[in-house]
Amino acid sequence: MSLFGKLFSRDEGGRVDYYEEGVALLRSGQHHEALTSLRLALREDPHDAATLQQMAVAYTHIGMSDEAIKTYRTALRKDPDAAAARYGLAFLLLRTGQEDDAAELLDTFLQTPPDGPDAARHVAHARETLASIRGGDGEAAREHAASGDAGEVARPGGGAAGAPQSDRAEAWPSP
C-alpha cells in the first residue's frame, strides 16, 4: 500500500485511523504531523498506552524531552507492563543525570524482558547500560543513553514475554 493509502486508511465505518496514520508519519520522519494524528487518536481513546508511547517517541525526536518523560510516565500509569515506555523513560532520565531512577526502570524492564523481532538489541543495550550504572561508570551509562536514535517505532508483538499481544506497535525508543 502506498504511503498515501496508509495515511488515509479508513476503518469499516469510513473513519480515519489516526493511530495508524500517526505511526506511518513517525516512520517517515514527520514527527510534528505524527503528533497531530496521535493526539486525535488519544482523543478517541484517552486510555490507550500505545498511543501515549508513540507520542513520547515523537516528543523525543523533536527535542521535547520533558514532555516525552511526562508522556512515558502517563503511559506507564495506564499500562504498568509497557516495556517500551519503561525503556524509553529510563534512557531519558539517564540523559538528565537521574541514574538511580534510570537503573530502577532498566532493572524492572530486564526482570521480564520483551521478546519479538525488535526487542533483542534493546534488551542487550539495557543490560550494558545497567552494568555501566552499577559499575559506577556514569559517563559510560550516559554515553549509552546518547547513542542511537532518539526513538523508533516497533512492529506489533514486541511486548514482554507472556504479555497480551496487541495489534498496535509498541514504540521502541532507542536511547
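I'm told Gly63 meets every condition in (1) touching a helix residue (DSSP H, G or I) at 6+ places or on another chain (Cβ under 7 Å); (2) farther than 20 Å from Thr108 by Cα except one. Can you identify the failing condition by its number?
Answer for Gly63: the failing condition is (1).
Can you tell me which residues in the range 104-121 are modelled with pLDDT under 90, assigned to a helix (DSSP H, G or I) and surrounded by 21 or more Cβ atoms within 10 Å (Cβ to Cβ)?
Within the range 104-121, just Ala119 meets the criteria.
Within the range 55-70, can you find the residues that are under 18 Å from Tyr19 (Cα atoms) and of a type in the set (A, V, I, L, M)?
Residues satisfying the conditions are Met55, Ala56, Val57, Ala58, Ala68.
Pull out all pairs, ordered by first then second residue, where Cβ-Cβ is under 9 Å, the residues are six or more apart or on different chains, the first lies in the range 123-136 and is outside any helix (DSSP H, G or I), and the second is buried (at least 21 other Cβ atoms within 10 Å of the Cβ).
Gly135/Ala141
Could we say that Gly29 is within 24 Å of Leu130 (Cβ to Cβ) and either over 13 Å from the mean Cα position of the chain (by Cα) or buried (at least 24 other Cβ atoms within 10 Å of the Cβ) (or both) here?
Working: within 24 Å of Leu130 (Cβ to Cβ): no; either over 13 Å from the mean Cα position of the chain (by Cα) or buried (at least 24 other Cβ atoms within 10 Å of the Cβ) (or both): yes.
Considered against the rule, which asks whether it is within 24 Å of Leu130 (Cβ to Cβ) and either over 13 Å from the mean Cα position of the chain (by Cα) or buried (at least 24 other Cβ atoms within 10 Å of the Cβ) (or both), Gly29 comes out as no.
For the range 18-72, name all the residues that are closer than 22 Å to Ala102 by Cβ and not in a helix (DSSP H, G or I).
Within the range 18-72, the first condition is being closer than 22 Å to Ala102 by Cβ, and the residues that meet it are 49, 52-72.
Ile62, Gly63, Met64, listed by residue number.
The values are calculated or read from the model by the stated rules, or taken from the named source; none is laboratory data. What you are looking at is a predicted structure, and each value in this text was computed from that prediction instead of being measured. For neighbour counting, all protein chains shown are included, and Cβ atoms are generated from backbone atoms with ideal geometry for every residue, glycine included.
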